[in-house]
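Take a look at the structure below.
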Amino acid sequence: MFKLILVFLTLFGFSSKAQNVQLPQSFKICSKSSPNLAECVKNSVEYLRPSLRTGDLGNGIRIVPLEPLKIDDIFLERGSGFFFNLYNIKAYNIHNFKIEKIRVTLEPNVVADLLIKIKNVDCSGDYKINLLLGIVNLQGHGKIEGKIDEIKARLKIETVPLYRDGVEYKNVTKVPAIVKIDKLVLKIHDLFKDKVLNDVGERLVNQNLDMFLPEIEKSVSNSLSKIGLQASSGVFGRIPFKLLLP
Ligand SMILES: *[C@@H]1O[C@H](CO)[C@@H](O)[C@H](O)[C@H]1NC(C)=O
């Protein structure tokens, strides 16, 4: 009898608790049994885009805003004669991502595999440079801007079930990301006092940027992976799974 009451209380308890959470208007609901689940989730995520930008999903649910995206510090080094450090870098226009491909797996765990494209990403921040040219040691620091034509990223949102008060949520365990950058152009301010010299230096850096691209991509990958984990945890960890995907 006691057990029965306990079961009843628990059932009643969690059903009322789960109903307390109202799904914000920013969510378009997909059914687990939808014949084209991937397409539906894709539309849902794209519909959520304006809210992802600000982090305000509505109904008091706030997650980390997608914009500006803080990029991990970048250290570019070649031998002892070249040191280029980019820091306080922020990227804009990330919310204009397009989902090119998506695959949603429900079993054994919910995993979303996404291929996204982001066009016209603007970055800005600070740089420090240390260049040894012959016997001349050039040091400089200042503001830097970057323009990226296109970022291609593959993100995988991996989850495991998480129960709180008998209600199933999803814990996002990791969001590995692989980023490819298509064409990056840097604008370097205050490298040299002289404008002509500054333009020459800027051109030199841009002409040799390709060899540093893998390091820059790695940093952007880490940053996207972090924001992806925080943002998706904010959704999956707070809204019962059966509301998100009934
Ligand atoms: C949930 O995932 C995070 C990583 O996002 C991890 O640190 C944590 O231990 C996980 N918790 C549970 C209960 O699985």
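Here are a few things to note about the model shown:
- Contact map, region 152-167: residues that are on the phi < 0 side of the Ramachandran plot paired with residues that are among the aromatic types (Phe, Trp, Tyr) and surrounded by 12 or more Cβ atoms within 10 Å (Cβ to Cβ), Cβ distance under 7 Å, separation 6+ or inter-chain. Pairs shown: 159/236; 162/169; 167/14.
Here's the yes/no breakdown for (1) within 19 Å of the chain's Cα centre (by Cα); (2) loosely packed, with under 13 Cβ neighbours inside 10 Å:
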site	(1), (2)
170	yes, no
174	yes, yes
177	yes, no
181	yes, no
190	no, yes
196	no, yes
199	no, no
203	no, yes
216	yes, no
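- Candidates are the residues of region 139-151 that are over 15 Å from residue 186 (Cα atoms) and surrounded by 15 or more Cβ atoms within 10 Å (Cβ to Cβ); the one that is nearest to the ligand (Cβ to nearest atom) is 151.
- Elements of type strands (runs of 3 or more DSSP E) in region 24-143, at least 1 residues being β-branched (Val, Ile, Thr): 69-71, 74-78, 82-92, 97-105, 111-133
- Counting the residues of region 76-96 that are in contact with an Asp or Glu (Cβ under 8 Å, 6 or more places away or on another chain) and either closer than 12 Å to residue 126 by Cα or polar (S, T, N, Q) (or both) gives 7.
- Matching residues, region 108-138, being surrounded by 15 or more Cβ atoms within 10 Å (Cβ to Cβ), more than 16 Å from the ligand (Cβ to nearest atom) and among the small types (Gly, Ala, Ser): 124, 125
All of the numbers you see were taken from the coordinates with simple rules; none came from a lab. Bear in mind that the values here come from a model prediction, so they are computed numbers and not experimental data. Glycine gets a Cβ as well: all are built from the backbone with ideal geometry, and neighbour counts include every protein chain shown.
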